[in-house]
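These notes are about the structure you will find just below.
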Amino acid sequence: MLAVAAFAEQTATIDLGTSRAGQSLARSLSLGSGTGAGKADRVFSDRRTLAASATEDLDLAGSLVDAFGATITFARVKGIVIAAAAGNSNNVVVGAASSNPWATLLGATHTLTLRPGAFVAVGTGAADATGYAVTASTGDLLKVANSGGGSSVTYDIHIIGCSA
């Protein structure tokens with residue numbers, strides 16, 4: 001299951017007390033086992049650390065390992081969460097691998113910057129059988145980079161998807 005919720009409350013002082021306006025948005029995705037719409041059969045989850053100024057390319061089709069030690073090949077991604085550690089001094093930059101970039105989420109050259117403590121979550125709709133396609137050997141690398149020198153960065157990543 002992938003779930004995201006946001007709630008904010010605006011307040012204002014009025015003549016007879018305080019006026020409040022609550023606003024919320026929540027989405028969740030619960031997937032069954034399999035490869036079709038509303039289903040997933042692969043999960044990668046890890047806490048990773050990059051040295052100062054370092055980068056890594058996560059190969060979504062052939063080098064990631066699941067919790068049981070099996071190599072994972074994603075054909076489609078249905079959900080992804082990336083969270084930068086609050087204690088980082090530098091940012092975590094996601095996207096724009098120099099070769100074979102996984103482009104269906106951010107495009108081939110775009111990046112997403114996660115400041116210390118920041119996170120991003122993306123999920124497909126339950127009826128979406130396609131998700132974010134991964135093309136083995138030509139469109140399967142998710143680049144993650146430490147934005148600067150001087151210190152390492154740590155980030156958590158959780159990817160849910162399908163093998164076919």
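Worth pointing out:
- Per-peptide average of other Cβ atoms within 10 Å, ordering 131-143, 114-126 highest first: 131-143, 114-126
- Distances between placed amide hydrogens fall under 5 Å for Asp41 paired with Gly34, Gly161, Cys162, Ser163, all partners being 5 or more residues away or on another chain.
- Low-density loop positions, chymotrypsin sites (Phe, Trp or Tyr not before Pro), region 20-104 - DSSP coil, at most 13 other Cβ in 10 Å: Phe68
- For Gly148, the residues whose modelled amide H falls within less than 5 Å of its own, excluding neighbours fewer than 5 places apart on the same chain, are Ser53, Asn91.
- For region 1-131, the relative contact order comes to 22 percent (Cα pairs under 8 Å, sequence separation of at least 6).
No lab work stands behind these numbers, since they all come straight from the coordinates. As the structure is a computational prediction, the values presented were derived from the model and not from experiment. We place every Cβ from the backbone using ideal geometry, glycine too, and count neighbours over all the protein chains shown.
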